[in-house]
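What follows is a single structure, written as structure tokens, with notes after it.
The values are calculated or read from the model by the stated rules, or taken from the named source; none is laboratory data. Here the structure is a predicted model, which is why all the values come from computation and not from measurement. Cβ coordinates were reconstructed from backbone atoms using ideal geometry, including for glycine residues, and neighbour counts include every protein chain displayed. With ligands, DNA and RNA removed, areas are computed over all heavy atoms of the protein, side chains included. Shrake-Rupley method; radii C 1.70, N 1.55, O 1.52, S 1.80 Å.
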Amino acid sequence: MSDMEKLKLRYSHNIIEHLGLKLYQNKPTNVIAELISNSWDADAQNVWIEIAQDKVSITDDGCGMSYTELMNDYLIIGKKKRSKDNITEKTARQRNMMGRKGIGKLAPFGIAKKLTLITISKEEKLYNWIQLDLSKMLSEENDDSPNDSIIYEPTILADNIPIEKIDTALKLEYKKILDKLKESGTAIILEDLSLKKIISSEKLKESVGQRFTVTLLSDDFNVYINETKVSEKEALPNFYKRYPESGYADQTLTINGQDRQVRYWVGFVESAEWPQDQAGVGIYAHGKLAQDRPFVFGLKGREIWTRYMYGVIEADWLDELEEDVVSTDRTSVNWMHEDTLQMYEWGAGLVRKWISDYQKFQKENNKGKVIEKINKLPTDLRVTEVERKAISDIV
């Protein structure tokens with residue numbers, strides 16, 4: 001061990017349990033989504049997710065962390081990534097940062113009791129390697145600090161050392177991961193899983209596609225699950241009708257006296273074979289889901305149509321307001337806030353228009369098909385021209 005200051009994890013009493021275990025308990029796709037967000041913020045081009053029976057690993061080729069960054073940023077729970085002074089600041093790749101609250105690092109403990117972190121800084125090219133044990137973090141032995149504060153010292157396997165000095169046994173055990181961390185990046189390995197069944201790679205692809213619809217379609221960010229890239233086919237359904245046909249529609253909304261930019265599109269599927277909670281509209285801010293589906297801005301009486309709808313609305317400014325309006329688990333927006341209420345009303349009108357346009361499309365597109373079927377009825381069941389038109393309109 002060198003003479004550098006020892007690494008310590010600092011957190012207040014019960015924070016692990018309430019913001020780690022309780023918030024993300026048995027929600028593996030939400031946990032992995034938080035780690036993907038960290039990779040995006042680290043300017044990674046590639047994220048590799050490996051799912052096995054007894055462990056899950058998330059590895060990226062981002063900028064990694066130095067010893068100082070690990071100590072002063074990662075190991076301080078609740079340290080905000082963004083404040084009012086840098087809320088719109090972008091990464092080196094000109095990305096809008098997804099992280100904000102500084103508690104996503106606790107998400108892994110919703111599904112795992114042991115976390116191993118391996119990171120190599122892009123600038124220093126030195127490895128830092130630590131392990132966090134949930135049972136020790138929650139141990140009463142750590143609950144004797146002043147002000148109800150806990151200090152936990154993680155197990156250190158490497159601190160600021162080059163790859164050649166890492167223990168050979170460790171290099172062999174984690175060879176597949178280390179091969180991806182050649183230049184820089186971070187790997188999170190989750191072990192001693194608390195899940196009752198293994199995570200389905202297909203289910204994870206759907207969830208990743210739903211939560212990162214915007215970022216997954218960018219050219220400089222790739223997510224792989226068990227070595228298979230999550231493509232547009234996994235990220236998006238096969239649409240029967242899309243508005244607009246490609247790209248986005250842009251609009252400036254005047255909300256609470258401020259001009260707010262939004263862009264959006266919607267697709268309708270011909271057959272709703274997906275679960276109901278995948279239909280509706282997703283609101284994205286800084287490339288990440290802020291309002292989860294099923295959501296239609298409170299529109300009632302149109303459920304038969306919204307069941308076939310997959311809408312995307314991007315509103316980065318929602319994540320740049322001085323007051324945080326996005327829930328901790330990024331599943332809902334506070335629509336009663338003075339800066340969001342008008343958008344909620346606008347959104348209801350937009351969904352109504354989407355449905356109206358799709359109804360007109362369906363009526364024209366299916367008219368001939370219905371008439372053709374009616375004409376094939378047996379002679380004694382034939383209907384008049386007026387009746388045919390009425391039936392066609394109803395169907």
Applied in sequence order to the range 297-308, the curve 6.51 cos²θ - 1.76 cosθ + 1.60 (Karplus, θ = phi - 60°) yields integer Hz couplings, x standing for Gly and Pro, of 6, x, 5, 10, x, 10, 4, 4, 9, 5, 4, 9
Quick check: pseudo-label points 7 Å beyond the Cα along Cα→Cβ at PHE361 and LYS165, how many nm apart are they? 6.1
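Write down the accessible area per residue of the range 229-294 in Å², having rolled a 1.4 Å probe over the full set of protein chains.
Computed with neighbouring chains in place, this is 49 Å² per residue.
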Computed FRET value (nearest 0.05) for GLU153 with GLU232, which takes r as the C-beta separation and R₀ as 30 Å: 0.10
Suppose each label sits 7 Å from its Cα in the direction of the beta carbon; what would the GLU322-MET336 distance come out to in nanometres? 2.2
Quick calc: nm separation of the 7 Å Cα→Cβ label points for GLN53 and SER139 -> 3.0
Got a sec to turn the phi values of the range 255-261 into Karplus ³J(HN,Hα) couplings, 6.51 cos²θ - 1.76 cosθ + 1.60 with θ = phi - 60°, whole Hz, x for Gly and Pro? 10, 6, x, 10, 7, 10, 8
Rounded percent of accessible protein surface that carbon and sulfur make up, the range 300-340, 1.4 Å probe: 46
Nonlocal amide H pairs with ARG260, under 5 Å, H built at 1.01 Å: LEU253, THR254, ILE255
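For LYS182 and THR68, what does the FRET efficiency come to when R0 = 25 Å and r is the distance between their Cβ atoms, rounded to the nearest 0.05?
Details: r = 22 Å, r/R0 = 0.89.
Between LYS182 and THR68 the formula returns 0.65.
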Taking LYS136 as the anchor, which aspartates and glutamates have their alpha carbon closer than 16 Å to its alpha carbon, excluding any fewer than eight residues away along the same chain? GLU17, ASP144, GLU153, GLU191, ASP192
What's the ranking of 44-51, 69-76 by average number of surrounding C-beta atoms within 10 Å, highest first? 44-51, 69-76
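Going by a ≥ b ≥ c, the root eigenvalues of the Cα gyration tensor, does the range 108-234 fall in the rounded group (a/c under 1.5), the prolate group (a/b larger than b/c) or the oblate group? Walk me through the intermediate numbers first.
Values: a/c = 2.01, a/b = 1.30, b/c = 1.55.
Taking the square roots of the gyration eigenvalues as a ≥ b ≥ c, the range 108-234 is oblate.
For the range 159-290, give the percent of accessible area contributed by carbon and sulfur heavy atoms, probe 1.4 Å, rounded to a whole number.
Working: 2980 of 6740 Å².
Carbon and sulfur atoms account for 44 percent of the accessible area of the range 159-290.
Here is the link list: LYS90/LYS353; LYS114/LYS233; LYS180/LYS288. Which ones come out longer than 31 Å on Cα distance?
Values: LYS90/LYS353 34 Å; LYS114/LYS233 34 Å; LYS180/LYS288 25 Å.
Too far apart for the 31 Å limit: LYS90/LYS353; LYS114/LYS233.
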Which FRET efficiency value, to the nearest 0.05, is calculated for ARG352 and ILE87 with the Förster distance at 35 angstrom and r the Cβ-Cβ distance? 0.60
Along the range 165-174, Karplus-curve 3J(HN,Hα) (6.51, -1.76, 1.60; θ = phi - 60°) to the nearest Hz, with x for Gly and Pro, reads 9, 6, 3, 4, 5, 5, 4, 6, 5, 10
On full extension of the chain, what length is gained from ARG302 through GLN94, given 0.36 nm per residue of separation minus the C-alpha to C-alpha distance? 70.9 nm
Output the peptides 328-334, 244-250 sorted from most to least packed, where packing is the average of other Cβ atoms within 10 Å over each peptide's residues. 328-334, 244-250
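What is the extension gain from LYS196 to TYR224, computed as 0.36 nm multiplied by their sequence separation minus the C-alpha to C-alpha distance, in nm to one decimal?
7.7 nm
Tell me the GluC sites (Glu not before Pro) within the range 160-199 that lie in a loop according to DSSP and have at most 16 other beta-carbon atoms within 10 Å. Write out the running numbers ahead of the final one.
Numbers: sites: GLU164, GLU173, GLU183, GLU191; in loops: GLU183.
Passing both the DSSP loop test and the Cβ count: GLU183.
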